[in-house]
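Q: One structure coming up, written as structure tokens, with questions to follow.
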There are 2 protein chains.
Amino acid sequence: MPDTRRDFLRKVGIAGGAGVMYGTMAALGLVPAAAQAPDYVPPRAGDLNGRPRSVVVLGGGIAGLTAAYELRKGGYKVTVLEARNRPGGRNWTVRGGTVETDLKGITQAARFSRGEYMNAGPARIPQHHVTLDYCRELGVPIEAFANQNADAYLYREGPTALSNTTVRHRTAKADVYGYVSELLAKATDQGALDGYLTPSDKEALIDFLEDFGDIGPKVPGDAAASFRYTGSDRRGYATPPGAGLEEGIPLPPYPLSDVLASGVGNYFSFEFEWDQAMMMFQPVGGMDRIPYAFEKAIGRDKIRYGAKVLGMRNTSSGVVVDYTGPGRKTRRLEADFAICTLPPHIAAKVPGNLPAATTAALEYAEPGDAGKMGIEYGRRWWELDHRIYGGITSTDTDLENIWYPSSGYHGERGTLIGYYNQDEQARRFGALHPDARLARALELGAQVHGPGYARDVQAAFSVDWASIEHSEGAWVDWPSQTDPRYKELLEPAGNIYFAGDHLSHTIGWQHGAMVSARATVTSLHRRVREG
Amino acid sequence: MPDTRRDFLRKVGIAGGAGVMYGTMAALGLVPAAAQAPDYVPPRAGDLNGRPRSVVVLGGGIAGLTAAYELRKGGYKVTVLEARNRPGGRNWTVRGGTVETDLKGITQAARFSRGEYMNAGPARIPQHHVTLDYCRELGVPIEAFANQNADAYLYREGPTALSNTTVRHRTAKADVYGYVSELLAKATDQGALDGYLTPSDKEALIDFLEDFGDIGPKVPGDAAASFRYTGSDRRGYATPPGAGLEEGIPLPPYPLSDVLASGVGNYFSFEFEWDQAMMMFQPVGGMDRIPYAFEKAIGRDKIRYGAKVLGMRNTSSGVVVDYTGPGRKTRRLEADFAICTLPPHIAAKVPGNLPAATTAALEYAEPGDAGKMGIEYGRRWWELDHRIYGGITSTDTDLENIWYPSSGYHGERGTLIGYYNQDEQARRFGALHPDARLARALELGAQVHGPGYARDVQAAFSVDWASIEHSEGAWVDWPSQTDPRYKELLEPAGNIYFAGDHLSHTIGWQHGAMVSARATVTSLHRRVREG
């Protein structure tokens, strides 16, 4: 909603409290909620009255493929120009045989075993993203993606008892929730929050905290001894419950000050973010099953690979696009319209006659960095030795994250994501030669998993998105998405339209590319029908 | 560990705080922890020096199958007697064609479509259970079980704004965590907890809460306006973020008093319990893939189905077991040893010469109730209309839980668990005829999902474990697992041993049956080798 409306509601909330705010929202017709995408009506075959228009789609990433697919539903003549020799753009699944030369001229050839892969770009899909609708529509089977695992680790550097060692998510949660519950129960019981809570609020809150924190009861007359958190079986055991008399040997909690100082709680909110909360999904066999399914649905003959855009210009009657054709010869394509889905910082450099305001808008985007490494092991030691089946270990080292694979459980081998990092961390890894990246990833990984981390490595492949040709970044950020420059790209420049995740509010997600493409198709189609 | 040791540690914890307690544990050699089962060494082929002993295993449930499988590794001559015509006991996957007549004489025939099923007993496996080790060893493929889903619902009856309606888990969490964080940050900042927190503790705690609760900043000089929770995108949107300028229309939080009074937070701890935290798993195609894999590994010819135990007695040299053989004739089997894995309340009724103390011990177990219903729908409306892909909706009605299937995503049809309940709720459903159970389940389910809940129902099957022959309960409880009667069953009565999940500290889980069977096999094998 517009900022002014949000500001208004925020002010209502601050002045009147949530109850008044809720009532105001209800009065505005904004209640109740459902996590559903706005209705989208694709073009239909009869819409064009037998006068098919032609559209050239620049870029065969998810936005371009979605646009082409939706336009084809309406009978448009579509040609997709894609500089790479595969569909998908940043939706890229690296398998054995994948060869890539980066912008520094360094070539990597992936030697993953048959069936092993890494999703170098997008790798997970929330339930509410239209990405899943396309999986259903295109017949791409999906499986659960383990975006959360209580038995994966947290690793934080520092001076506490929890620092420089592995702490399982479950352990960190139990201790943080235990102490938080103890403290809030004490404060509540002692009347410190009487200005905010009614007697029945207090009772309900303490009931909740006793369960949530697994804390002890009130000890009448002894505030310090009341509601004590002294550990919980939720945090794990020295020896777990077993047969006969083995009731399990619990471990006591880490000290309160260490828990707070360690920073182990700073990852919790990831697990209930709008886009990250479980359940999450992935296509069976690799994320690129989506672009290949699009390719099949659109028609392989409608997509020209190895076709780098060399120029795009509006003409009085349509568009002219020059691109690298077979044999590196320049080819020209004319169409009624173009939809440019190239990354804005790359589109800005394409020669042509775009208005200055459009070029300025494209240049307003700020490319962001991310890096990822796949490491194939000949033994699934994370399952065998750590009993970690999928999920994410979070670190505050340059690795940021280690992902355990969400498929192939109990197999002979497996490929984990050795790091998935962004910004400075990604730049530091990206600056290294791929061999040095692997060495560094194994060194930092050994801090978490021990010296055996370098054992059984079968293959590795790393991607630094800033140095990947045709992408030159993992995504873009906009200084503001209410700035006129951002808005400029939501309207066509003559007969040239724009689409991509960068023109959405879910940047960096396939969902954003898809809903942007749908919006652009809707806009173009309306113009055709009304014109 | 023995209660005295735990009590000691608890006292140390109470008196000295967690830091001292942690140090004490470290001194006792109990730190650090790993979630691993104690080492188990199976019998080996050469252990018996060519003098194979014979063992009759009473009951072909998970404990009996595990015992037989492990004994076979050591060269024992094993015969399993199983009253049912299938392996697995309570590990029971109901498919189209399953016919069951309960103890009241009511027959149900399942009409599920091909590929559809319900796991009537165990249905999920935590990472740290040896159940997964057997899946690996026996070659049973596994897949993720969605035990947690932010987009599934909470449904609580009551008088609040959150009552008698569906609230998504994510929404409830965001609001509860938001208010909890606001309250604790306020109390901390105002000095209410200065007796428990150092200045740096306070700073770290507030930093954590700002992220955990997505709350506002401190407003200097205005305690009421400080750290306000006024909503979060984590809770969901009226309209989610989309293309162009669609930044998403958020919804304000429910009022604090309503959130606390509603009870929506009373389910949160389920998701981080030791046995329930994600990731969780299930065999692909049904839980009974485990017993059938055991059957294959043991040898189909070693298992006699339809063999109800009619008597068991110790003799001077071994055991004699009478059972129902083919044509309902009584058959007799002699062996060196028996391992009785029948439910204790059923074993107690088997004629024989068990010592009075053993019979008293078996009778000490208290059967517990659980019920489950599978409902097959011809349309996966939970995915299509609610965007719920697996997971659990928690209610405080007699349904207790509704489970959405963790497989077959995007398929034509699907089978959900219409209720999985226990105790009183299970007894109330169990008292009904299966047709009436379905009517009641659809009525209560419609409260959650709307009147369409009864549409597209293709088939249903319900299990009331208390009235299932050969089980007569879902599991047993012991008044105390340190009572001499419980301990009695951990030792053999002559040549008759006992095993089962009831003789473990993970009752109601296959893990318990497996570790109990291993412990019993270990004990029997030691006696043979030492004798």
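The values are calculated or read from the model by the stated rules, or taken from the named source; none is laboratory data. Not measured: the values here are computed from a predicted model. All Cβ positions, glycine included, derive from the backbone under ideal geometry; neighbour counts span all protein chains shown. Only protein heavy atoms, including side chains, enter the accessible area calculation; ligands, DNA and RNA are left aside. Shrake-Rupley method; radii C 1.70, N 1.55, O 1.52, S 1.80 Å.
Q: Being buried (at least 24 other Cβ atoms within 10 Å of the Cβ) and at the interface with chain A (Cβ under 8 Å from one of its Cβ atoms) is the filter here; which residues of the range B:177-195 pass it?
A: Within the range B:177-195, B:Tyr177, B:Val180, B:Leu183, B:Leu184, B:Lys186, B:Thr188 meet the criteria.
Q: May I ask you to list pairs of residues, at least six apart or on different chains, whose Cβ atoms are under 7 Å apart, with the first in the range A:199-223 being over 16 Å from B:Glu182 (Cβ atoms) and among the small types (Gly, Ala, Ser) and the second being open to solvent by 60 Å² or more (accessible area, probe 1.4 Å) and outside any loop (DSSP other than H, G, I, E, B)?
A: Going by the 7 Å Cβ cut-off, the qualifying pairs are A:Ser200/B:Ala261.
Q: Within the range A:339-383, how many residues are in contact with a Lys or Arg (Cβ under 9 Å, 6 or more places away or on another chain), of a type in the set (Asp, Glu) and open to solvent by 30 Å² or more (accessible area, probe 1.4 Å)?
A: Looking only at that region, the number is 1.
Q: Please find, within the range A:467-485, the residue that is farthest from the other protein chains (Cβ to nearest Cβ) out of those that are open to solvent by less than 40 Å² (accessible area, probe 1.4 Å) and out of contact with any His (no Cβ under 9 Å at 6 or more places or on another chain).
A: Top of the filtered list is A:Ser467.
Q: Also, I was wondering about something else. Which number in (1) closer than 18 Å to B:Ala499 by Cα; (2) open to solvent by 10 Å² or more (accessible area, probe 1.4 Å); (3) not polar (S, T, N, Q) marks the one condition that B:Leu81 misses?
A: Among (1) closer than 18 Å to B:Ala499 by Cα; (2) open to solvent by 10 Å² or more (accessible area, probe 1.4 Å); (3) not polar (S, T, N, Q), B:Leu81 violates only (2).
Q: Is it true that some residue in the range B:196-205 is buried (at least 23 other Cβ atoms within 10 Å of the Cβ) and either of a type in the set (A, V, I, L, M, F, W, C) or in contact with an Asp or Glu (Cβ under 8 Å, 6 or more places away or on another chain) (or both)?
A: Yes: the range B:196-205 contains one or more residues that are buried (at least 23 other Cβ atoms within 10 Å of the Cβ) and either of a type in the set (A, V, I, L, M, F, W, C) or in contact with an Asp or Glu (Cβ under 8 Å, 6 or more places away or on another chain) (or both).
Q: Return the only residue of B:Gly306, B:Gly311, B:Gly371 being modelled with pLDDT of 95 or more, within 33 Å of the chain's Cα centre (by Cα) and closer than 30 Å to B:Tyr404 by Cβ.
A: B:Gly371
Q: What residue, among those in the range B:225-251 that are at the interface with chain A (Cβ under 7 Å from one of its Cβ atoms) and among the basic types (Lys, Arg), is least open to solvent (accessible area, probe 1.4 Å)?
A: Checked the range B:225-251; the qualifying residue least open to solvent (accessible area, probe 1.4 Å) is B:Arg234.
Q: Can you confirm whether B:Lys218 is under 19 Å from A:Leu256 (Cα atoms) and open to solvent by 10 Å² or more (accessible area, probe 1.4 Å)?
A: no
Q: Turning to a different aspect of this structure: If you scan the range A:252-265, which residues turn out to be open to solvent by less than 20 Å² (accessible area, probe 1.4 Å), modelled with pLDDT of 95 or more and within 7 Å of another protein chain (Cβ to nearest Cβ)?
A: A:Pro253, A:Gly265
Q: I've got another one for you. Taking B:Ala224 and the conditions (1) touching a Phe, Trp or Tyr at 6+ places or on another chain (Cβ under 9 Å); (2) within 27 Å of A:Ser504 (Cα to Cα), which numbered condition does it fall short on, given that it satisfies the others?
A: With (1) touching a Phe, Trp or Tyr at 6+ places or on another chain (Cβ under 9 Å); (2) within 27 Å of A:Ser504 (Cα to Cα) applied to B:Ala224, the lone miss is (2).
Q: If you check B:Gly391 against the conditions, is it on the phi > 0 side of the Ramachandran plot, open to solvent by less than 10 Å² (accessible area, probe 1.4 Å) and within 14 Å of another protein chain (Cβ to nearest Cβ)?
A: yes
Q: Quick one: B:Arg90 ticks every box in (1) open to solvent by less than 30 Å² (accessible area, probe 1.4 Å); (2) under 18 Å from the mean Cα position of the chain (by Cα); (3) away from every other protein chain (no Cβ under 14 Å); (4) of a type outside the set (A, V, I, L, M, F, W, C) except a single one, so which number is it?
A: Unmet condition: (1).
Q: What's the number of the only condition in (1) farther than 20 Å from B:Asn401 by Cβ; (2) within 7 Å of another protein chain (Cβ to nearest Cβ); (3) open to solvent by less than 30 Å² (accessible area, probe 1.4 Å) that B:Trp274 fails to meet?
A: Condition not satisfied by B:Trp274: (1).
Q: Has the range A:396-409 got at least one residue that is away from every other protein chain (no Cβ under 14 Å), more than 28 Å from the chain's Cα centre (by Cα) and surrounded by fewer than 19 Cβ atoms within 10 Å (Cβ to Cβ)?
A: Within the range A:396-409, not a single residue is away from every other protein chain (no Cβ under 14 Å), more than 28 Å from the chain's Cα centre (by Cα) and surrounded by fewer than 19 Cβ atoms within 10 Å (Cβ to Cβ).
Q: Need pairs with beta-carbon distance below 9 Å; first residue free of Cβ contacts under 8 Å to residues at least 60 places away in the same chain and within the range B:48-64, second of a type in the set (Gly, Ala, Ser); sequence gap 6+ or separate chains.
A: Every condition considered, the pairs that remain are B:Gly50/B:Gly75; B:Pro52/B:Gly74; B:Pro52/B:Gly75.
Q: Let me ask another. Could you pull out the residue among B:Leu416, B:Leu444, B:Leu503 that is over 23 Å from the mean Cα position of the chain (by Cα) and either open to solvent by less than 10 Å² (accessible area, probe 1.4 Å) or not β-branched (Val, Ile, Thr) (or both)?
A: Answer to the check: B:Leu444.
Q: A further question on this structure: Do we have B:Ile417 as in contact (Cβ under 8 Å) with a residue 24 or more places away in the chain and in a strand (DSSP E or B) here?
A: Considered against the rule, which asks whether it is in contact (Cβ under 8 Å) with a residue 24 or more places away in the chain and in a strand (DSSP E or B), B:Ile417 comes out as yes.
Q: Any idea which of (1) in a loop (DSSP other than H, G, I, E, B); (2) open to solvent by 20 Å² or more (accessible area, probe 1.4 Å); (3) more than 7 Å from chain B (Cβ to nearest Cβ) is the one A:Met287 doesn't satisfy?
A: Just one mismatch for A:Met287, condition (2).
Q: Which count do you get for residues in the range B:447-466 that are open to solvent by less than 20 Å² (accessible area, probe 1.4 Å) and closer than 21 Å to B:Ala365 by Cα?
A: Final tally of qualifying residues: 2.
Q: Please find, within the range A:320-352, the residue that is farthest from A:Leu310 (Cα to Cα) out of those that are among the small types (Gly, Ala, Ser) and either part of a strand (DSSP E or B) or at pLDDT 95 or above (or both).
A: Applying the filter and picking the extreme gives A:Ala335.
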